[in-house]
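Below: the structure, in structure tokens.
Readers should treat all values here as calculations from the given coordinates under stated rules, not as data from a laboratory. This structure is a prediction, so every number in the text was calculated from the model and none was measured. Every residue, glycine as well, gets a Cβ built from its backbone with ideal geometry; the counts of neighbours run over all protein chains shown.
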Amino acid sequence: MPAPQQEQPAANKFLAYLGWKKMNTKVARQNLPDDECAWAENLQPLAPNLWQSVNGAAATLTVVTAKTVTRKFPANIAGIDYDIFFATDGSCTAVNANSGAQTTVAAAATFSTTPDMTTYASQRILIMDPTGGYATWDGTLFVKGGGLSPNINVTNGGSGYSAAPAVSFTGGSGSGATATAVMGGSGSAQFVVAVTLTSPGSGYKAGDAITVVFTGSNTTVATATARIWPITSGITLDVFAGRVWWASANAQGNYRILNFTGTAGYDDTNTANAAGSTTVLDNDLSHNITGIRNKNNFLYIFGDSSVRQIGSITVSSSITLFTPLTLASDIGTTFPMTVQSYNRLVLFANTAGVYGIFGASIRKISDDLDGIFALADFSLPMSSSLNDVHSTVTAGGSIHCYLLLLRYLDPVQGTRTIICAYQNDQWWIVSQGNALLAIMAIFLGSTQQWDTFASSGSDVTQLLQTPGATVSVLFKSALSSNRAPLLSKRVIRAGVAVTSGIAQSFLLTAETENSADGHTLNAAALIIWINNLGQQVNWQNNSPAAVTFVGGGYRFPYTAAQGEGKVIGGTVSGTVSKFALNAMAFEYVDAAIWGTIP
Amino acid sequence: MASEFAANVVAFGDQPGLGLWADGHYRQHLRYNSALAARTPAVVIAPFPILHLVGLAKPEIVFWLDSHEKWHELVRPFANVTGVDLSGFDITKPAAFYEWQDLHNAEHLLLDQAFNAA
């Protein structure tokens with residue numbers, strides 16, 4: 001018991017952040033509970049006490065010279081995975097997602113800056129665009145309105161051919177279409193099994209009747225039917241129930257007409273084959289259909305302020321029947337590139353946040369991102385991806401994530417692009433390029449996993465791919481009063497529990513509402529070699545210079561720190577790899593009750 | 001074309017599964033209505049508001065169960081099907097949820113056959 005008048009030593013107290021349930025940007029740091037963090041960038045939550053650095057971006061796969069990306073889509077054609085790269089100049093380039101090899105699909109001035117695309121049966125891509133109209137590419141041949149369709153149907157293979165007959169087309173108002181015959185049989189008993197269009201020609205018009213002519217010695221001449229490629233335009237499309245569905249404009253220029261092809265393929269607009277259209281008259285489609293997406297066994301029709309859904313379709317007397325359900329009359333999106341299927345949900349984003357469609361029920365799932373959406377610049381259209389994110393410190397495993405790219409008006413770092421990652425009802429941030437323009441997901445056949453390809457302009461770069469690459473991490477805890485909001489607190493020491501695969505350093509900033517005190521800490525341990533006599537062994541290289549061995553593992557580096565305030569927290573930052581944040585702790589003493597009024 | 005109704009996509013607490021189940025289930029009830037509307041004379045039953053089941057508060061779930069039961073009660077006589085009161089279960093509890101699911105699925109199998117809507 002101290003004698004009277006003797007100064008009482010202040011009792012040291014401790015504040016520990018031992019686990020974080022989630023990142024929450026909705027409220028200020030001092031308003032967060034201790035088990036939520038304010039920011040977690042390039043640190044993926046694997047457990048409340050394990051936030052682990054992600055893989056870095058791979059080296060640029062290729063550069064589409066002199067182009068700037070506007071939209072990207074995945075495609076698989078005949079076993080090859082592509083990054084389909086639409087550019088601001090209206091061109092389209094197919095980039096082999098494994099090799100980076102480029103193929104020009106369409107020249108500049110073909111498309112607008114908002115084309116939509118889907119893949120048909122791993123055979124071809126289908127493109128719908130307000131400017132370029134409906135078009136297709138099969139890995140070799142590009143066809144658009146005015147040309148013949150590659151869907152040529154051999155109705156009689158003929159007989160007695162000893163070589164492939166020449167194929168030509170007559171009729172119609174166009175010209176220049178060419179094709180070759182694919183033969184079956186052998187010797188002088190060959191027959192035509194297919195016709196491959198080698199040039200679609202141009203100048204053909206709707207309603208043109210085309211005759212396919214086979215020229216060559218035969219016993220029975222082959223016959224085939226050809227038709228012109230549909231001349232139509234629209235704003236969005238997808239393939240559902242074997243049909244192509246697209247939205248086109250009405251006379252007022254609003255994209256309210258839902259069209260669908262018939263039973264004879266992606267180019268069948270014949271109403272006798274159950275092709276057709278319907279106009280959405282309901283007033284809860286405020287302006288336009290903005291996206292058509294086939295996800296989870298349903299066709300979703302997104303409007304700018306509503307969402308509809310079509311289930312199974314039937315055909316009765318050459319009429320296609322289906323039942324559209326309105327899922328929401330007040331929630332929609334103008335960002336069709338944000339729509340993804342994710343763990344049986346359909347996710348999409350608008351300027352208010354990210355929403356999940358649970359069957360037919362739409363719920364906002366991004367309340368924790370409200371602080372980010374409040375500072376988002378939507379002049380860059382949001383885009384999305386799926387990614388199986390692999391951990392870099394612990395071995396094995398991956399977590400399936402939804403990624404949303406947006407431009408963020410960062411109050412500290414300035415305007416930059418960030419990617420909001422969603423997994424298991426948690427959000428965190430990926431940052432692998434401050435000026436990304438578009439991202440998209442490919443399920444790569446070579447890896448059998450979801451990977452993300454991004455572009456900042458002309459580049460094609462795979463994100464979250466390289467385990468050894470360094471990434472910039474930024475983690476902000478809450479600012480906690482430690483259940484004593486009246487007491488001002490004086491920080492004495494600060495430390496961070498980390499697990500590191502390599503020797504590296506990082507910055508810990510001890511913070512109060514009044515101060516920020518940064519210190520470099522080492523996430524490393526010196527390895528000391530001891531021989532069998534118990535003596536320390538020192539190593540030299542051939543220079544000779546002393547060689548030290550430093551290893552990673554679990555560490556709890558700490559430092560003397562300063563700062564005074566009613567709330568205490570910390571920020572961990574640095575450029576690291578194979579790094580995990582486990583906990584954060586502060587030692588402090590109580591200062592004045594009520595403190596000083598600023 | 002198979003219907004979207006899949007009884008086995010939902011376990012208790014599985015929100016995505018419950019959403020898909022509710023979606024397909026609602027569409028199945030619409031199929032029954034279509035089958036009845038195609039009869040001579042036509043039987044017209046207005047759809048009940050049972051599309052959304054995810055994220056409902058308990059009073060809303062009670063309303064959902066009541067609406068759903070009414071729809072079943074209207075349909076049963078035309079299919080010569082009898083059934084228990086499906087509104088008398090607290091499906092916010094696992095045991096009652098699974099018991100309700102079993103009874104409900106059994107009735108839907110009979111309705112599917114009666115209306116040729118499998």
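Report the normalised scattering of the range A:153-226 as log10 I(q)/I(0) at q = 0.12, 0.15 Å⁻¹, calculated by the Debye formula with identical scatterers on the alpha carbons.
Ignoring solvent entirely, the Cα scatterers give -0.31, -0.47.
Looking only at other chains, what is the average number of their beta-carbon atoms within 10 angstrom of each beta-carbon in A:363-369? Mind showing how you got there, number by number?
Details: counts 5, 0, 0, 0, 0, 0, 0.
So the per-residue partner count for this stretch is 1.
Considering the Cα positions of the range A:194-318, please state its Rg to one decimal place and its Dmax as a whole number of Å.
Final numbers for Rg and Dmax: 18.0, 62 Å.
As I understand it, the value is the acute angle between the Cα axis of helix B:58-79 and the longest principal axis of the Cα atoms of chain B; what does it come to in degrees, rounded to 10?
30 degrees
Highest mean first, what order results for A:49-57, A:92-100 on Cβ atoms within 10 Å?
Numbers: A:49-57: 22.6, A:92-100: 19.4.
Highest to lowest by the protection proxy: A:49-57, A:92-100.
Looking at the range A:269-318 from every direction and averaging, what is the projected area of its Cα convex hull in nm²? Kindly include the intermediate steps, with their values, before the conclusion.
On the way: hull surface 16.8 nm².
If you wrap the Cα atoms of the range A:269-318 in a convex hull and average its projections, you get 4.2 nm².
When only alpha-carbon atoms count, how far does the range A:427-474 stretch along each of its three principal axes, as whole angstroms with the largest first?
33, 25, 23
What 222 nm value per residue comes from the helices of chain A, counting each DSSP H run with n ≥ 4 as -39,500 (n - 2.57) and dividing by all residues, nearest 500 deg cm²/dmol? The partial results should precede the final answer.
Working: 1 runs with 4 residues, N = 598.
That calculation yields 0 deg cm²/dmol at 222 nm.
Enumerate the residues in the range A:472-501 having an amide nitrogen under 12 Å from the point lying 7 Å beyond the Cα of A:ALA591 toward its Cβ.
The answer is A:487-492.
Rounded to the nearest 500, what is chain B's calculated 222 nm mean residue ellipticity when only DSSP H runs of at least 4 contribute -39500 (n - 2.57) each, over all residues? Working shown, then result.
Details: 3 runs with 67 residues, N = 118.
Using -39500 (n - 2.57) per qualifying helix, the result is -20000 deg cm²/dmol.
Take peptides B:78-87, A:533-542, A:268-277, A:122-131 and line them up by average Cβ neighbours within 10 Å, highest first, as a rough protection proxy.
A:122-131, A:268-277, B:78-87, A:533-542
Counting pairs of Cα atoms in the range A:153-193, how many percent are more than 14 Å apart? List each step's numbers first, then the result.
Working: 407 of 820 pairs.
In whole percent, the long-distance tail amounts to 50.
Over the range A:514-563, with a single point scatterer placed on each C-alpha, what log10 of the ratio I(q)/I(0) does the Debye formula yield at q = 0.21, 0.22, 0.33 1/Å?
At q = 0.21, 0.22, 0.33 Å⁻¹ the computed log10 ratios are -0.88, -0.91, -1.17.
Students often check this: by mean Cβ neighbours within 10 Å, which of B:11-19, A:490-498 ranks highest, and how do the rest follow?
Details: B:11-19: 17.8, A:490-498: 21.9.
Result, highest mean Cβ count within 10 Å first: A:490-498, B:11-19.
Using only C-alpha atoms and all pairs of different ones, pull out the Kirkwood radius for chain A in Å with one decimal. Mind showing how you got there, number by number?
Numbers: mean 1/r = 0.0360 Å⁻¹.
Evaluated over chain A, this radius sits at 27.8 Å.
Kirkwood hydrodynamic radius for the range B:15-115: how many Å is it when counted over pairs of different Cα atoms? Intermediate values should be presented prior to the final figure.
Working: mean 1/r = 0.0712 Å⁻¹.
Taking every pair of different Cα atoms in the range B:15-115, averaging 1/r and inverting gives 14.0 Å.
Would you mind checking the pairs A:LYS21/A:LYS295; A:LYS364/A:LYS489; A:LYS295/B:LYS70; A:LYS476/B:LYS58; A:LYS21/A:LYS364 and listing those with alpha carbons more than 27 angstrom apart? Can you show the working numbers first?
On the way: A:LYS21/A:LYS295 30 Å; A:LYS364/A:LYS489 39 Å; A:LYS295/B:LYS70 32 Å; A:LYS476/B:LYS58 37 Å; A:LYS21/A:LYS364 19 Å.
Long pairs (Cα-Cα over 27 Å): A:LYS21/A:LYS295; A:LYS364/A:LYS489; A:LYS295/B:LYS70; A:LYS476/B:LYS58.
What net charge do the residues around A:THR110 carry, taking every other residue with its C-beta under 12 Å from that of A:THR110, with Lys and Arg at +1 and Asp and Glu at -1? Spell out each step's value before the answer.
Values: positive: A:LYS144; negative: A:ASP89, A:ASP129.
Overall, the nearby charge balance is -1.
What distance in nm separates the two pseudo spin-label positions at A:ALA484 and A:THR60, each 7 Å out from Cα along the beta-carbon direction?
Taking the two extended label points, one gets 5.5 nm.
Compactness ratio of the range A:84-169: Cα Rg over 2.2 N^0.38 Å, N = residue count?
Numbers: Rg = 16.1 Å, N = 86, 2.2 N^0.38 = 12.0 Å.
Compared with the compact-globule rule of thumb, the range A:84-169 sits at 1.35.
For every other residue with a beta carbon closer than 12 angstrom to the beta carbon of A:ALA226, add +1 if it is Lys or Arg and -1 if Asp or Glu, then tell me the sum.
Numbers: positive: A:ARG227; negative: A:ASP208, A:ASP267.
Around A:ALA226, the surrounding residues sum to -1.
Treat each spin label as a single point 7 Å out from the Cα along the C-beta direction, and report the A:SER318 to A:ILE399 distance in nm.
Distance between label points: 5.6 nm.
Which far-off residues, 5 or more places away or on another chain, put their amide H under 5 Å from the one on A:ALA101, with H placed in the peptide plane?
A:ASN96
Using amide H atoms built in the peptide plane, which far-off residues or other-chain residues are under 5 Å from A:VAL244 H to H?
When sequence neighbours closer than 5 places are left aside, the close amide H contacts are A:THR261.
In bins 10 Å wide, starting from 0, what share of all Cα pairs of the range A:336-488 does each bin hold, as a percent?
Going from the shortest bin to the longest, the percentages are 10, 38, 34, 14, 4, 1.
For the pair A:GLN123 and A:SER173, what calculated FRET efficiency results from E = 1/(1 + (r/R0)^6), where r is the Cβ-Cβ distance and R0 = 30 Å, to the nearest 0.05? Each step should come with its number before you reach the end.
Values: r = 28 Å, r/R0 = 0.94.
According to the calculation, E is roughly 0.60.
Quick one: net charge around A:SER446, please, counting Lys, Arg +1 and Asp, Glu -1 for every other residue with C-beta under 14 Å from its C-beta.
On the way: positive: none; negative: A:ASP81, A:ASP83, A:ASP388, A:ASP451.
That works out to -4.
Once you average over the residues of B:6-19, how many Cβ atoms of partner chains fall within 10 Å of each Cβ? Let's see the in-between values first.
Numbers: counts 1, 0, 0, 2, 1, 0, 0, 0, 2, 8, 10, 3, 3, 12.
That works out to 3 on average.
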